[in-house]
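For reference, the structure discussed in these notes is given below.
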Amino acid sequence: MQGEIPETPKPGDPLFSRVENRVIATARLALSAAENFFHDRGIHTRNLGDRITGEAREVASAQEALARQLARQAAPRPVAIVSGGECTVTVRGRGRGGRCTEFLLSLGIGLDGLPNVHAIACDTDGIDGSENNAGAVLLPDSLSRAAKRGADARKFLADNDAYGFFSAVGDLVVTGPTRTNINDYRAILVA
């Protein structure tokens, strides 16, 4: 019958005789590679796992508390907190951004310029939300640099405009599409 849509192939269909699937990367493997990267540089790691979910702001608050705790301790330092998983953002404003930049902006507000704490959060597919960036980096002076330019971090966060905030301070990470996706990646370095 013309125009009839055939049924999708099922397991065992000869169509699959030449198909081979290989998993070459996983979220767990990415975090393991990050741990090895830091270890090779003499940096201890705290791997929080590859299944961190929840509101980006709440995840940031929990990781901020851990970063502050580690910053107060004398040893071992430096230490990197690494985690993966995909957070969510409840959009209430009209700004631009994604879950990685929202996580970082919230983290930055919570850390309030805490010295020697740096962070990165990026989506492994190279696209944070619907923007052209993979994520951003947060430096101890990110909020103060923004304030000097008249950018109020809290206002940007209230408008869900983390993209606008990190763009204003030049801290976006732009990789272009990677054509792969194995979760978001977050690292907080407490030096």
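Could you check, for the stretch 50-72, whether at least one of its residues is modelled with pLDDT of 95 or more, within 19 Å of Cys122 (Cα to Cα), touching a Leu at 6+ places or on another chain (Cβ under 7 Å) and not in a helix (DSSP H, G or I)?
Yes, there is a match, as at least one residue in the stretch 50-72 is modelled with pLDDT of 95 or more, within 19 Å of Cys122 (Cα to Cα), touching a Leu at 6+ places or on another chain (Cβ under 7 Å) and not in a helix (DSSP H, G or I).
Which residues, counting only those in the stretch 129-138, are out of contact with any Leu (no Cβ under 9 Å at 6 or more places or on another chain) and either crowded, with 19+ Cβ neighbours inside 10 Å or over 18 Å from Val174 (Cα atoms) (or both)? Break it down stepwise before answering.
As a first pass, look at the stretch 129-138 and keep what is out of contact with any Leu (no Cβ under 9 Å at 6 or more places or on another chain): 129-130.
Gly129, the sole residue that qualifies.
Filter the stretch 89-126 for residues that are assigned to a helix (DSSP H, G or I) and among the β-branched types (Val, Ile, Thr); which is surrounded by the most Cβ atoms within 10 Å (Cβ to Cβ)? Explain how you work it out, then say what you get.
Taking the stretch 89-126 and keeping what is assigned to a helix (DSSP H, G or I), we get 99-111.
Subsequent filtering for residues that are among the β-branched types (Val, Ile, Thr) retains 101, 109.
Numbers: Thr101: 37, Ile109: 18.
The selected residue is Thr101.
List every residue pair whose Cβ atoms lie under 7 Å apart, where the two residues are 6 or more positions apart in sequence or sit on different chains, the first residue falls within the stretch 37-50 and is among the aromatic types (Phe, Trp, Tyr), and the second residue, located anywhere, is buried (at least 16 other Cβ atoms within 10 Å of the Cβ).
Phe38/Thr45; Phe38/Ala80
Pairs, please: C-beta under 9 Å, at least 6 apart or cross-chain, first residue of a type in the set (Lys, Arg) and in the stretch 123-139, second surrounded by fewer than 24 Cβ atoms within 10 Å (Cβ to Cβ)?
Filtered contacts from the stretch 123-139: no entries.
Look through Phe16, Phe37 and report the one residue that is touching a Pro at 6+ places or on another chain (Cβ under 9 Å), part of a helix (DSSP H, G or I) and either within 25 Å of Thr180 (Cα to Cα) or at pLDDT 95 or above (or both). I'd like the intermediate steps shown before the answer.
Details: Phe37 fails: touching a Pro at 6+ places or on another chain (Cβ under 9 Å).
On inspection, the qualifying residue turns out to be Phe16.
Would you confirm whether any residue within the stretch 139-146 is hydroxyl-bearing (Ser, Thr, Tyr), within 10 Å of the chain's Cα centre (by Cα) and buried (at least 19 other Cβ atoms within 10 Å of the Cβ)?
The initial filter retains those residues of the stretch 139-146 that are hydroxyl-bearing (Ser, Thr, Tyr), namely 142, 144.
Next cut, within 10 Å of the chain's Cα centre (by Cα) only: none.
The answer is no, given that none of the residues of the stretch 139-146 is hydroxyl-bearing (Ser, Thr, Tyr), within 10 Å of the chain's Cα centre (by Cα) and buried (at least 19 other Cβ atoms within 10 Å of the Cβ).
Every residue in the stretch 73-88 that is in a loop (DSSP other than H, G, I, E, B), modelled with pLDDT of 95 or more and over 13 Å from Leu189 (Cα atoms), please. Give the steps one after another, and end with the answer.
First, the residues of the stretch 73-88 that are in a loop (DSSP other than H, G, I, E, B): 73-78, 86-87.
Still in the list and also modelled with pLDDT of 95 or more: 78, 87.
The answer is Cys87, and nothing else.
Which of the following residues is closer than 17 Å to Gly135 by Cβ, surrounded by fewer than 19 Cβ atoms within 10 Å (Cβ to Cβ) and either in contact (Cβ under 8 Å) with a residue 40 or more places away in the chain or hydroxyl-bearing (Ser, Thr, Tyr) (or both): Ala30, Ala60, Ala71, Ala80?
On the way: Ala60 fails: surrounded by fewer than 19 Cβ atoms within 10 Å (Cβ to Cβ); Ala71 fails: closer than 17 Å to Gly135 by Cβ; Ala80 fails: surrounded by fewer than 19 Cβ atoms within 10 Å (Cβ to Cβ).
Exactly one residue qualifies, and that residue is Ala30.
Out of the residues in the stretch 147-191 meeting the condition of being farther than 30 Å from His39 by Cα, not in a loop (DSSP other than H, G, I, E, B) and not hydrophobic (A, V, I, L, M, F, W, C), tell me which one is farthest from the chain's Cα centre (by Cα).
Lys148
If you check Ala136 against the conditions, is it hydrophobic (A, V, I, L, M, F, W, C), within 18 Å of Ala187 (Cβ to Cβ) and out of contact with any Cys (no Cβ under 6 Å at 6 or more places or on another chain)? Reasoning before the result, please.
Details: hydrophobic (A, V, I, L, M, F, W, C): yes; within 18 Å of Ala187 (Cβ to Cβ): yes; out of contact with any Cys (no Cβ under 6 Å at 6 or more places or on another chain): yes.
In short, yes.
The values are calculated or read from the model by the stated rules, or taken from the named source; none is laboratory data. Note that the coordinates shown come from a computational prediction; the quantities given were computed from them, not determined experimentally. Here Cβ is always computed from backbone atoms with ideal geometry, including for glycine, and neighbour counts include all displayed protein chains.
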